[in-house]
Amino acid sequence: MGAICSGKEEPEDSSDANVEKQATGPMETFKAVWSRFRYLTEDWLFLFLLGAIMSVFALILDFLSDQASTFHSWAYDQANQIDIGVWRIFATLGVWTMFFVLMLGFAALLTRLISPPAIGSGIPELKTIFRGVILKEYLTIRTMIAKFIGLAFVLGAGVPLGKEGPLVHMSSVVASQLSRLVHSFQGIYENESRSSEMLAAGCAVGVACAFTAPVGGVLFSIEVTSVFFAVRNYWRGFFAAVCAATITRIVTTLIKDHDLDMNTLYQTHFPTGKAYALQELPVFALIGLVMGFAGAAFILFHRKIILFMRRKSMGVFQRHWMIYPLLVAFVFGIFTYPEALGQFMSGRVKFTKTTTDFFKDCTWSNTTYGDTCDESLTNNWTGLSHQDSIFVNLCIFQIVFFVLSVFCGTLPVPCGSLSAAIGLGAAFGRMIGEIMAVCLDGHIESGGKHQEIYPGVYAVVGAAAFSGSLTQTISISVIMFEVTGQIVCSIPIMIAVIIAVAVSIYLQPSIYDSVIMMKKLPYLPDI
């Protein structure tokens, strides 16, 4: 009563409070631990899903491409069985040419109808987004569907166009959509900084899926897209890229390789420590110099053709936009017809399949030292009579496909340029290597011993140099280490790539910056 009168409350029983704390303590601890666990695992789950989804897309594209190539060969064989000579030529020419016309025509038509932003590589637009510019409809599911369908037709055609750029674009779309759809990520992924980090991881995953090169993919994504890069983001790119590359390689091995050998995309077998001699380093540097000029010329011609097609005098191609892709596809089929000019350019072997021949560790020419390749390989490069010079055929291959690659790169379809650069650079390197092998009888005197000359090493160096010149990235060296499965050629590759990139930077912007300038995207170049 006195307590009430004095206005003071009587203290509650302390034993009840202790019981309540003991009841709620374990639950609060569990919630705190669960919250921390979810925070740590959200990134891992997100990145794993990103890598897994993109590996599935890449595997489906490879399967569809193989099926289309098999059908083309079957149809050509059926037409080739006609007994009457003139009709046989018309039938084989029609089958060979119309395949490219239909495939590229459908690619251009469907991409344009579904989502025009899916046209092209996608990396230039991604660079613009990383500069803080919002591009509408670039990261939508509709654009990704158009990219996938168009890319499937392009890869099935076997033209000198790659998939690395479109896969980077598709991967960035998947990363963007996952961050929106997964409700448990909302707390983390609402800020712009984290969204940008996930897009960077998506870029790495795209390259990893294209070449099963996770390390090179991460470095390439940093070098191509980022103005600055936070070191804390490394693990995100590596983890997602490793997931994508691992799933892609395992599934590909289970499907295609019955011996279960985990070979890389262009597996080479050069001897460790004996792949090249010291005297060959100046030749590798010369390859880098030539590839630097060739890459700059490729970028220049690509830009000139696109600007020429935009002139008012070429209005017919702008009003009837389907004419241009159909015309280029028809010309491509005529030039590559296996019984005409195509017999001097690997015959019936598609451009995308020739890189494996260039990287072989055997020698196409007959020399005293070194292993000579089987006739099943060399017959593709000696014409229908199997008597033509491989050097003349390699020159024709490079000149014709250089021009065709430039024109194919201007088509309104989803496409990348890195695969074409690898093929063209490998062809030049192979030619230089074969010339060295013939002139020096297949070996070089090094330290009192006979050092065998491997033209395949020159092909790898040429492929890396031309790719680096076109993209103006040094990380292409790491990608070449991973796609060949060997690092024995690291010094020649680095020398050639650095020289090629330096020459190309001095002469032209990269192929991606060139597209940015032509599209007039709101992009601030480096000062």
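Before moving on, here are some points about what is shown:
- Out of 432, 476, 511, 487, one residue alone is open to solvent by 20 Å² or more (accessible area, probe 1.4 Å), in contact with a helix residue (DSSP H, G or I) (Cβ under 6 Å, 6 or more places away or on another chain) and either farther than 23 Å from residue 164 by Cβ or touching a residue at least 24 places away in the same chain (Cβ under 8 Å) (or both). It is 432.
- Every residue from the stretch 348-380 that is under 25 Å from residue 332 (Cβ atoms), hydrophobic (A, V, I, L, M, F, W, C), open to solvent by less than 20 Å² (accessible area, probe 1.4 Å) and not in a helix (DSSP H, G or I): 359
- Filtering the stretch 403-426 to residues that are of a type in the set (A, V, I, L, M, F, W, C) and within 18 Å of the chain's Cα centre (by Cα) leaves 406, 408, 411, 413, 415, 418, 420, 421, 422, 424, 426.
- Scan of the stretch 381-397 for residues that are open to solvent by 50 Å² or more (accessible area, probe 1.4 Å) and in a helix (DSSP H, G or I), ordered by number: 391, 392, 395
- Candidate set: the stretch 325-338, residues that are open to solvent by less than 60 Å² (accessible area, probe 1.4 Å) and more than 23 Å from the chain's Cα centre (by Cα); chosen: the one nearest to residue 400 (Cα to Cα): 336
- Against the test of being open to solvent by less than 20 Å² (accessible area, probe 1.4 Å), part of a helix (DSSP H, G or I) and at pLDDT 85 or above, the options 401, 407 yield a single qualifying residue, 401.
- Residue within the stretch 298-312 that is surrounded by 17 or more Cβ atoms within 10 Å (Cβ to Cβ), modelled with pLDDT of 90 or more and charged (D, E, K, R) present: yes
- Those helices (runs of 4 or more DSSP H) of the stretch 69-158 in which at least 2 residues are open to solvent by less than 50 Å² (accessible area, probe 1.4 Å) and without any contact (Cβ under 8 Å) to a residue 60 or more places away in the chain, considering only elements entirely within it, cover 85-114, 141-157.
- Filtered by the rule that a residue be of a type in the set (Gly, Ala, Ser) and either open to solvent by 30 Å² or more (accessible area, probe 1.4 Å) or at pLDDT 90 or above (or both), the stretch 435-455 gives 446, 447, 448.
The values are calculated or read from the model by the stated rules, or taken from the named source; none is laboratory data. No experiment lies behind these values; they were computed from the predicted model shown. All Cβ positions, glycine included, derive from the backbone under ideal geometry; neighbour counts span all protein chains shown. When the accessible area is computed, the model is the full protein with side chains, heavy atoms only, and any ligands, DNA or RNA have been set aside. Shrake-Rupley method; radii C 1.70, N 1.55, O 1.52, S 1.80 Å.
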